[in-house]
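Below is one structure; the comments refer to it alone.
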Amino acid sequence: MLSASRDAEAVVPVKEQIRCLALTIYFEARGEPGDGKLAVGHVVMNRVADPRFPDDVCDVVRQGGEEVLHRCQFSWWCDGLSDKPQHLAAWRETQAIARRVFWQYSDDPTNGAMWYHADYVSPEWRTMFAKGPRIGQHIFYRDRERHDDRPQIAQSR
């Protein structure tokens, strides 16, 4: 019985991680084409796989912004607005995309990117990284020292 109880407890964090991933895709890329939504999800998972970032999706998404509004890694997390999805069809779609990305059922269209920004802004940090693809209205970046073109694959934890 104890074993079944532990298994049930293990499912809750995975569901919460997928929910955090879906919320990020929803709020960061809801109006983007399918590849744009996948790309945002893969950035989160690429960070989870990188030892410089937390190893949990929710912790990656919530990183930064603890003390100053609008200073977090993913703008939706600390924009001061409601975090409840309002468009049911879009929310269902992003939940399905989040599951695909989390369980590695999709290719990473960013080629291992861990940063991105909208194409209508020019953050100073962008020059510190290697520019990657533009997908929808986002421009993606990865570390300059990466020399291969193989995508980084996040391992679910």
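Take Gln95 and tell me if it is touching a helix residue (DSSP H, G or I) at 6+ places or on another chain (Cβ under 6 Å), within 15 Å of His42 (Cα to Cα), open to solvent by 30 Å² or more (accessible area, probe 1.4 Å) and at pLDDT 90 or above.
Criteria met by Gln95.
Restricting the search to the range 133-157, which residues are modelled with pLDDT of 90 or more and over 17 Å from Glu32 (Cα atoms)?
Correct list: Tyr141, Arg142, Asp143.
Within the bounds of the range 35-51, is there any residue that is open to solvent by 70 Å² or more (accessible area, probe 1.4 Å), touching a Cys at 6+ places or on another chain (Cβ under 7 Å) and either at pLDDT 90 or above or part of a helix (DSSP H, G or I) (or both)?
no
Given (1) touching a strand residue (DSSP E or B) at 6+ places or on another chain (Cβ under 6 Å); (2) open to solvent by 20 Å² or more (accessible area, probe 1.4 Å); (3) modelled with pLDDT of 85 or more, where does Gly65 come up short, assuming only one miss?
Gly65 satisfies all of (1) touching a strand residue (DSSP E or B) at 6+ places or on another chain (Cβ under 6 Å); (2) open to solvent by 20 Å² or more (accessible area, probe 1.4 Å); (3) modelled with pLDDT of 85 or more except (3).
The values are calculated or read from the model by the stated rules, or taken from the named source; none is laboratory data. Given the structure is predicted, the values throughout are model-derived calculations rather than measurements. Note: ideal-geometry Cβ built from the backbone for every residue, glycine included; neighbour counts use all protein chains shown. The area values use the complete protein model at the heavy-atom level, side chains included, leaving out ligands, DNA and RNA. Shrake-Rupley method; radii C 1.70, N 1.55, O 1.52, S 1.80 Å.
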